[in-house]
Amino acid sequence: MSNEREKLDPNKAGRKKEEIDASKKLRVGIIGTGWIAEEHVKHYLKMPDVQIVAGADLIPGKADAFFKEFGLEGVRTYPNHTEMLKNEQLDTVSICTYNATHAECAVAALNSGVHVLLEKPMCVTLDEAVDIVKAEKKSGKVLSIGFQPRYDANMKMIKKIVEAGELGQVYYIQTGGGRRWGIPTPFGTSFIQADTGVIGAMGDIGCYSLDMVLNAVGYPKPLTVSGYTSNFFGKNPDNFTSRGNPAEYAELFGVEDFAAAFVRLEGGIVLDFRIAWVMNLDTPGDTIIYGTKASLRIPSTDCWNGTVGGAMKIYKDVAGVGVETEIPILQGDAELFYLKIRSFLDAVKNGGKPPVPSEQIIINQAIIDGIVKSARLGREIEITIPEI
Ligand SMILES: NC(=O)c1ccc[n+]([C@@H]2O[C@H](COP(=O)([O-])OP(=O)(O)OC[C@H]3O[C@@H](n4cnc5c(N)ncnc54)[C@H](O)[C@@H]3O)[C@@H](O)[C@H]2O)c1
């Protein structure tokens, strides 16, 4: 879960409507009409070249009620993604289901010849990610994964700094984030149950930390991982009741609330990763990219949501003197969520590259998959991403 919705300002559209060619409307379907689907629909409604024509949700009546809230009574609704894809001629879908069904929905949509904007995390295992990429390649359709922090000006700056060679050779990266209490149960239990979330803090917020740094260094492939996961806080009913939640949430809790890993990447980079939904600590530390010429410190946010928490600093040695250069916080010109959807639609319309491509995010998923497997085995494992 990210806090982006708090920051969204519906009056601050990203691009002027008149700049968008609305002569042909893209026919959009929404799969899963829960919490994040609201953000998708809110932003689709700002796009003059989009018509939301259909939606699906497994819970009877949920999709109807959802579209009614937006005054979209004309949208046809279905009891699942399969029925929707069978009965509709769609151009694109937003997949807004819980993690467990990302892969089956993405594969089905791509196999039906529909472009896909898939919410993060890409899916829950490396095998699923491979299936998605196979379907994508076979279909020739655009698949983009929903990492909106990518569009943040500060995130882009991290990548620019690395690519400009300011840090020299990057050899060690420390990343992750944490929340003192951030188990996302105000929004139901799909994040915490094993059959719906499957992965917990890693799929919710850990994938953002990984994307922040891996995107900056060009997404090198992982070679080995030694991972650890735990759920001490999620399994304790007192933690839920003291926050006004039902004690049963502890019983339902079937994912990790903390994960850590030591990952070796191609190119000799080592990644030290920690992510916590909950912990007895303010922060597990800033993100730091260590380089031979300079290092970059990226302050963590208090409640980790994948964004930069303050002015970044570059540390380097100048003629034998240690100096620090502060990079002021940069303001972007549009909402991140708007840009995520708009850039996907532009790629669909212009036959362009997916803005957040699967060839990168499969690496993110492979690391998470490796952490899960290594944690289960209690030892380091090798990671191999098959050629697709
Ligand atoms: N990008 C972001 O900032 C952000 C923020 C929150 C959540 N998310 C992601 O969005 C996803 C959904 O989160 P949420 O909080 O909206 O969950 P949610 O539980 O509120 O909604 C998911 C909905 O999908 C439906 N669903 C599941 N499988 C389906 C299928 N095969 N066909 C039709 N409907 C199906 C469920 O019935 C449910 O109503 C998660 O993967 C989460 O990681 C992203």
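Every read-out reported here was derived from the displayed coordinates using simple, explicitly stated rules and does not represent laboratory data. Computed from a predicted model, the values in this text were never measured in an experiment. In this analysis, Cβ positions are derived from the backbone assuming ideal geometry, glycine residues included, and neighbour counts consider all displayed protein chains.
For this structure, a couple of remarks:
- Taking a Cβ cut-off of under 12 Å around residue 115, the surrounding Lys, Arg, Asp and Glu residues balance to a net charge of 0, with basic ones at +1 and acidic ones at -1.
- Pairs from 46/221; 141/235; 25/86; 62/138 whose Cα-Cα separation, in the structure shown, is over 30 Å: 46/221; 141/235; 62/138
- Over the chain: helical MRE at 222 nm, DSSP H runs n ≥ 4 each giving -39500 (n - 2.57), nearest 500: -9000 deg cm²/dmol
- Backbone amide hydrogens, once placed in the peptide plane, bring residue 176 within less than 5 Å of 274, excluding anything fewer than 5 places away on its chain.
- The order of the peptides 307-319, 225-237 by mean Cβ neighbours within 10 Å, most packed first, is 225-237, 307-319.
- With 0.36 nm allotted per residue and the present C-alpha distance subtracted, the residue 384-residue 169 stretch has 75.0 nm of extension available.
- Site pair residue 187 and residue 24 shows an inter-label distance of 3.4 nm when each label is modelled 7 Å from Cα along Cα→Cβ.
- Packing, taken as the mean count of other beta carbons within 10 Å per residue, orders the peptides 246-257, 28-39 from highest to lowest as 28-39, 246-257.
- Between region 258-314 and region 360-388, the Cα center-to-center distance that results, in Å: 19 Å
- Region 108-165 versus region 190-209: alpha-carbon centroid distance in Å: 17 Å
- Mean Kyte hydropathy of -0.5 or more with a Cα span along the axis of at least 18 Å, helices from DSSP in the chain: 126-139, 336-350, 358-377
- Relative contact order (percent, whole number), the chain, Cα cutoff 8 Å, 6+ residue spacing: 20 percent
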